[in-house]
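The values are calculated or read from the model by the stated rules, or taken from the named source; none is laboratory data. In this text the structure is predicted, and so the values were computed from the model without any measurement. Heads up, the Cβs are rebuilt from the backbone with ideal geometry, glycines too, and the neighbour counts pull from every protein chain shown.
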Amino acid sequence: MAEARERDGERTYLCIDLKTFYASVECIDRGLDPFLTKLVVADPTRGDTTICLAISPAMKALGVRNRCRIFEIPRGIEYIKAMPRMRRYMEVSARIYGIYLRYVSPDDIHPYSIDECFIDATPYLKLYDIDARSFAEKLMSEVRRDTGVCATAGIGPNLFLAKVALDITAKHVADNIGVLDEESFRAQIWPHRPITDIWGIGPGIAARLAKYHVYDLMGVAALDEQILYREFGVNAEYLIDHAFGHEPTTIAEIQAYRPAASSYVNGQVLPCNYTFEEAHTVLKEMIDASVLELVGRGQVTNHISLSVGYAAGAGGAATGDGPASPSRANPGDVFVGEHGKRRLGPKGYGHAGGSRKLAGFTNSYRKLMAAFDELWSERVSKDVPIRRMSVGLGNLVPEEFATIDLFTDVAADEREHDLQRAVLAVKGKFGKNALLRGMSLTEKATARERNEQVGGHHA
C-alpha cells in the first residue's frame, strides 16, 4: 500500500504536538500526573493580567481556557502556579526531537515550534512495514515512556490536512490521533466553526470573510474566487487551496527555501504602563541590542520600522491633529477562536508607528538611533501610556554593502564598529549583562532582565 502511494506521488505526513507541553514538563518534574494535577504556567510577578503560557489537562477539564489570564481563572479553583522555565522546556524538546531521530532522518522533519513538528512518514511506512497510525502511535509511546510527556498527532496526505487533523479531529478520538484525507476533510471540516480553528485563518481573515457571510471552509469553497482575490490579493490562493484540502508545499521544499531578503525584529511587552520618556529609554536599549545583532551577523540595513502598542483602556482622546495621535481600535470588535472571545472596549487604543527607508546601508548605533528618534517623535503620542514596543530592521545585506558617501566619517564609523565587536566578544564570554550602557541601570530599563530571559520569559 505504501509502495503504491509513493509510486502515485501521494505522501503521508504526521503532525505531532506535545500536549500542554510547558504544564506537562512542570508536573512531571514535580513527580505529578498532568491529567490529575491542577497547574498553571505563568509569571506571578507580572500580576493577575498576565497570560497563562500553559495549563494542565486537569485545568482544561474544569473549563479553564488555554492562554487565559490569571484573573480569568475561577476563584474556587486551587492550583499550582509554576514560573516559566524556557531553558528547561528547550532541553526536553531537544530530547524528544532526538527520539524522532531514532526512526526518521532530519531531512524528513520540520520543527514547527518548540512542541510541534511535521514528519514526512512516506518512506518509513515501507521501511518499517507499518501503517501511518501505528507509526504515530510508536513515536508517541516512546516520547511518553522516555519523558512522561503525552503527545497528539494528525495524519494526512499533505501538511495542511495533517495539521488540521491534529488541531480538530484528534481532539475527538480516544487515541488522540486524527486522520484526514480529501474526502473526510470535506465531510468533517468544511462545516466546522469557528473558522479560526483552521490553521492559517486568524481573527483578521475571519472578519474579512464575514463581510461576505462566510463562516466556514464550505463557504470559502463556494465563494466566487474573484471576490477572494479582490479581498486578499495573491494570498487568496492559500485560502482557495486550503478550502479544498490542497497543499502543494512539501517538507523538502521548506528545508530548501532560502529567503531572498532578510529582516530582524526585536519586540517586547512592557511590565507595566510606561510614559513616553520611559519607553524612549527602552527604545534606545532595543536599538542597542538590535545593532549588536546586526554586527554579530555581519549585516547592514537600509530600512527601519517601529510599532508601539498603547495600554488597553488608556484615557485621553485621539484628536486626529497629527501623526502622533494614537489610532483607535473599533469599539466592540470581537475576536473568536480556540482561546475564547476578546472584545475591545471603547477606550482600547490601538497602536502607532511607521517605517522609513534610509539613505544608505548601515549598522551604526548612532545613525540608526537618529533615524528611530525621528520616527518616535513624529508618530508616538506623548500623552498615552505605552505597553508594547517592537523595532524592525529590513533589507539586511552583508557588511560589504555598507554605504559610504561624501558626508561619512569613515574613521568614526570604524571606531564604533570596533567597539561593537569588542562588546560582542565580552558579552559572548561573560554573558549579556557583562557590559551595559548607563541607561540600562535606570529604574524603568528592561535590558538587564531581558538578557536573562529566553523568548521573553524566565530561563
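Restricting the search to the range 256-277, which residues are surrounded by 15 or more Cβ atoms within 10 Å (Cβ to Cβ) and not in a strand (DSSP E or B)?
Once the filter is applied, which keeps residues that are surrounded by 15 or more Cβ atoms within 10 Å (Cβ to Cβ) and not in a strand (DSSP E or B), the range 256-277 yields only F276.
If I go through the range 45-70 residue by residue, how many of them are in contact with an Asp or Glu (Cβ under 6 Å, 6 or more places away or on another chain) and either assigned by TED's automatic domain parsing to the domain that holds P271 or not in a loop (DSSP other than H, G, I, E, B) (or both)?
1
With the checklist (1) part of a helix (DSSP H, G or I); (2) closer than 14 Å to L14 by Cβ; (3) not charged (D, E, K, R) in hand, flag the one item Y89 doesn't pass.
The one condition Y89 does not meet is (2).
Out of (1) farther than 25 Å from E449 by Cβ; (2) modelled with pLDDT of 95 or more; (3) not in a strand (DSSP E or B), the odd one out for L283 is which?
(1)
Answer yes or no as to whether E253 is without any contact (Cβ under 8 Å) to a residue 40 or more places away in the chain, over 30 Å from W376 (Cα atoms) and surrounded by 15 or more Cβ atoms within 10 Å (Cβ to Cβ).
Judged against the criteria, E253 is not a match.
Give the residue that is farthest from D175 (Cα to Cα), with candidates limited to residues of the range 107-157 that are small (G, A, S) and in a helix (DSSP H, G or I).
A132
Within the range 397-444, which residues are touching a residue at least 12 places away in the same chain (Cβ under 8 Å) and charged (D, E, K, R)?
Those that are touching a residue at least 12 places away in the same chain (Cβ under 8 Å) and charged (D, E, K, R): E399, D405, D413, E416, R421, K427, K432, R437, K444.
Restricting to the range 414-436, and then to whatever is farther than 12 Å from N451 by Cβ and charged (D, E, K, R), can you tell me which residue is surrounded by the fewest Cβ atoms within 10 Å (Cβ to Cβ)?
K429
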